[in-house]
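To start, the structure itself, in structure tokens.
All of the numbers you see were taken from the coordinates with simple rules; none came from a lab. As the structure is a prediction and not an experimental result, all values here were calculated from the model. Backbone-built Cβ (ideal geometry, glycine too); neighbour counts: all protein chains shown.
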Ligand SMILES: [Zn+2]
């Protein structure tokens, strides 16, 4: 399976309660594109809206008609990134007055009239109950939604299928991200509906895989620093030796997220260098 899979279906009905419409925004960061999910029976709740691609509204309306639905009852968003809320304005043109909500936290430049959601405050849909789970790390405002009726998780960008999650220098926090993975691990999740990539049938397996992957990287970084102080580009060259150098910029961001976490934990220190990247050493 390739990450940007051109044959990934544009819409699907993975369960009685869940429909999926693709945001039609494929790319390195989004894989086949952002999944938007319609949840419930006759009056569905929409989770995420894609990036605002021109062809998305028509695809969305086609899928609604196919299901015999008129409109989404409300829209809820996993987080503020463009590829999740970019379609809000488009959808409001077609469905005037549709309420939109997200966890409002450190936000600026949101579309008008967005209501806030609270952690674990149940959202009652039509035959579907969604529980927002605050899961910062990829973004400070990030929510997953737990679907009670299926013990399933809409994981947003916390867990993807086909790639690892980016922890941006700005607003990302790997320590919080690990805590978020452990928080959803404790929910007893069966299936995962990720914002990018196909449905994950073995939810617990995938959550463990994501935790293990980060712990492996952390061990590799500590091992590398065991040989003496190093700058991020050197660490990347060693740990990601078998990875295409085109991805080394992303790898550098990932290594930086680990080093920031280890620094907070008092396990490494950072020595600024005037004409180059900081040097990092074990404490
Ligand atoms: Zn995101």
### Query
residue 119: part of a loop (DSSP other than H, G, I, E, B) and either on the phi < 0 side of the Ramachandran plot or away from the ligand (no atom under 16 Å from the Cβ) (or both), yes or no?
yes
### Query
Of the numbered conditions (1) in contact (Cβ under 8 Å) with a residue 24 or more places away in the chain; (2) not in a loop (DSSP other than H, G, I, E, B), residue 172 satisfies every one except a single condition; which is it?
(2)
### Task
Considering each residue of region 163-190, count those that are more than 15 Å from the ligand (Cβ to nearest atom) and touching a strand residue (DSSP E or B) at 6+ places or on another chain (Cβ under 9 Å), and give that number.
5
### Some residue of region 260-267 being closer than 24 Å to residue 176 by Cα, within 24 Å of the chain's Cα centre (by Cα) and loosely packed, with under 14 Cβ neighbours inside 10 Å
yes
### Task
Name the residue, out of 84, 138, that is touching a residue at least 40 places away in the same chain (Cβ under 8 Å) and in a helix (DSSP H, G or I).
84
### Query
Restricting attention to region 75-100, and to residues there that are at negative phi and surrounded by fewer than 17 Cβ atoms within 10 Å (Cβ to Cβ), which single residue is nearest to the ligand (Cβ to nearest atom)?
82
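Scan 128, 54 and give me the residue that is away from the ligand (no atom under 16 Å from the Cβ) and out of contact with any helix residue (DSSP H, G or I) (no Cβ under 7 Å at 6 or more places or on another chain).
Working: 128 fails: out of contact with any helix residue (DSSP H, G or I) (no Cβ under 7 Å at 6 or more places or on another chain).
Only one candidate passes the filter, namely 54.
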